Amino acid sequence: NADMAMYRAKEAGRNNVQYYTAELQAGIAGRLELLTRLGQAVERGEFRLHYQPKFDLRSGRITGAEALLRWESPQGMVMPETFIPLAEETGLILSIGHWVMRTACLHNRAWLDAGIGPIPVSVNLSRRQIVHGDIAAGVAGVLAETGLPAELLELEVTESMVLPDAEQAAAVMQRLRALGVRLSMDDFGTGYSSLSQLKRFPVQSLKIDRSFLREVTTDPDSAAIVKAIISLGHNLDLRVLAEGVETAEQQAFLGANGCDELQGFYLARPMPAERFAELLRHQALAA
Ligand code: C2E
Ligand code: MG
Ligand code: MG
Ligand code: MG
């Protein structure tokens, strides 16, 4: 896990110095300490949202962005894979998730008001928000408060999040759809029964998991899987996005095989909200 954390820290880029709290490796007392700090992070204003653009493969235009949570703790920047599982286990994810939802909608409303939208923004949900939280009421409240048109909010779920309680999850997702928000299946292909289960969930798009992208130009099996996901998605009338695009070769493969949208370090890394707004402003001027 420490290796994983180091790997992600390196991955996150040069300008972005990362620290990994020793607490994580320090057993129960350390976890409690980390948990206490995590519990105070919302009120202390230590969370930030970064945005990673999504691009239309054919036009190259920005079609949306994914909000990704960053914790600027006094010990330094902490990446979500370090603290989301802990937040999920303890239920803290409900208040953190609400902060993420509200902040993303406020940002997006501001961009709309500044004339640099409309741009759909997606927010990652966690399992507990679907299973235990009243997520539809929460989303309705945030949309009413911010006045953001519902279709400019997209929620990303994963198969591992919705499959264990498929019936309940599907019902919650229907309520979300009734509000007008869009839904997307993230990390697609990694769940064990993806294909047969997919039709139960009212999603409008699929995000191909980046593990398949990694070897798409070198491993024929990965290439076959990616092609199969693209045609499955299209046959179900879904938009298909590839995440984790890191090279021109991967982009070319996806283009040749009809993928709709791209997201990945090759095109743009996650960035602070102000920088994403700048990017949108340029695109609006270029139009
Ligand atoms: P995800 O939703 O699948 O998000 C994509 C992750 O892949 C992000 O990592 C992003 O920075 C990274 N990524 C994007 N392009 C590339 C690329 O070309 N190469 C590589 N190697 N990585 C790329 P990040 O921001 O560290 O987030 C990790 C995970 O944490 C997310 O996976 C999501 O499951 C979770 N997460 C992030 N923010 C939130 C949040 O607000 N709420 C919840 N519940 N989960 C979140
Ligand atoms: Mg996601
Ligand atoms: Mg993903
Ligand atoms: Mg993920």
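The values are calculated or read from the model by the stated rules, or taken from the named source; none is laboratory data. Because the structure is a prediction, the values reported are computed rather than measured. Note that each Cβ is placed from the backbone with ideal geometry, even for glycine, and that neighbours are counted across all protein chains shown. Heavy atoms of the whole protein, side chains included, go into the accessibility calculation; ligands, DNA and RNA do not. Shrake-Rupley method; radii C 1.70, N 1.55, O 1.52, S 1.80 Å.
Answer yes if at least one residue in segment 95-109 is out of contact with any helix residue (DSSP H, G or I) (no Cβ under 6 Å at 6 or more places or on another chain), more than 25 Å from residue 149 (Cβ to Cβ) and either open to solvent by less than 10 Å² (accessible area, probe 1.4 Å) or part of a helix (DSSP H, G or I) (or both), and no otherwise. Checking segment 95-109: at least one residue is out of contact with any helix residue (DSSP H, G or I) (no Cβ under 6 Å at 6 or more places or on another chain), more than 25 Å from residue 149 (Cβ to Cβ) and either open to solvent by less than 10 Å² (accessible area, probe 1.4 Å) or part of a helix (DSSP H, G or I) (or both).
For segment 255-287, the tally of residues that are open to solvent by 30 Å² or more (accessible area, probe 1.4 Å), in a loop (DSSP other than H, G, I, E, B) and among the charged types (D, E, K, R) stands at 1. Residues in segment 147-158 that are part of a helix (DSSP H, G or I) and surrounded by fewer than 21 Cβ atoms within 10 Å (Cβ to Cβ): 150, 151.
No other residue among 60, 64 is without any contact (Cβ under 8 Å) to a residue 12 or more places away in the chain and away from ligand 4 (no atom under 16 Å from the Cβ) apart from 60.
With the structure loaded, tell me whether residue 217 is of a type in the set (Val, Ile, Thr), touching a residue at least 24 places away in the same chain (Cβ under 8 Å) and away from ligand 2 (no atom under 16 Å from the Cβ) or whether it fails that test. For residue 217, the condition - of a type in the set (Val, Ile, Thr), touching a residue at least 24 places away in the same chain (Cβ under 8 Å) and away from ligand 2 (no atom under 16 Å from the Cβ) - is met.
Listed conditions (1) at pLDDT 95 or above; (2) buried (at least 19 other Cβ atoms within 10 Å of the Cβ); (3) within 20 Å of residue 93 (Cα to Cα) are all met by residue 140, apart from (2). Taking first residues from segment 139-168 that are over 20 Å from residue 186 (Cα atoms) and partners that are within 16 Å of ligand 4 (Cβ to nearest atom) and among the small types (Gly, Ala, Ser), no Cβ contact under 6 Å between residues at least 6 apart in sequence or on separate chains turns up.
Close Cβ contacts (under 9 Å, 6 or more residues apart or on different chains) running from residues in segment 196-214 that are within 11 Å of ligand 3 (Cβ to nearest atom) to residues that are open to solvent by 80 Å² or more (accessible area, probe 1.4 Å) and at pLDDT 95 or above comprise 206/239; 210/246; 213/246. Taking residues in segment 77-91 that are closer than 19 Å to residue 130 by Cβ and modelled with pLDDT of 90 or more, and partners anywhere that are within 16 Å of ligand 2 (Cβ to nearest atom) and outside any helix (DSSP H, G or I), the pairs with Cβ atoms closer than 7 Å and at least 6 places apart or on different chains are 80/68; 80/69; 84/126; 88/126. Which ones in segment 65-87 are within 23 Å of residue 263 (Cβ to Cβ) and acidic (Asp, Glu)? 66, 81, listed by residue number.
Which of the residues that make up segment 159-203 are small (Gly, Ala, Ser), within 23 Å of residue 65 (Cβ to Cβ), within 16 Å of ligand 4 (Cβ to nearest atom) and open to solvent by 10 Å² or more (accessible area, probe 1.4 Å)? Across segment 159-203, the qualifying residue is only 189. The residue of segment 235-250 that is nearest to ligand 1 (Cβ to nearest atom), among those that are closer than 23 Å to residue 204 by Cβ, open to solvent by 50 Å² or more (accessible area, probe 1.4 Å) and not in a loop (DSSP other than H, G, I, E, B), is 239.
Out of the residues in segment 110-124 that are open to solvent by less than 50 Å² (accessible area, probe 1.4 Å) and within 16 Å of ligand 2 (Cβ to nearest atom), state the one that is nearest to residue 48 (Cα to Cα). Out of the qualifying residues, it is 123.
Residue 9 meets the conditions (1) out of contact with any helix residue (DSSP H, G or I) (no Cβ under 7 Å at 6 or more places or on another chain); (2) under 18 Å from residue 272 (Cα atoms); (3) at pLDDT 90 or above; (4) surrounded by 17 or more Cβ atoms within 10 Å (Cβ to Cβ) in every case but one. The failed one is (3).
Which of the following residues is farther than 16 Å from residue 264 by Cβ and open to solvent by 20 Å² or more (accessible area, probe 1.4 Å): 32, 38, 57, 49? Every option except 32 fails the conditions.
When restricted to residues that are within 16 Å of ligand 4 (Cβ to nearest atom), assigned to a helix (DSSP H, G or I) and either of a type in the set (Lys, Arg) or within 17 Å of residue 106 (Cβ to Cβ) (or both), segment 120-146 contains 2.
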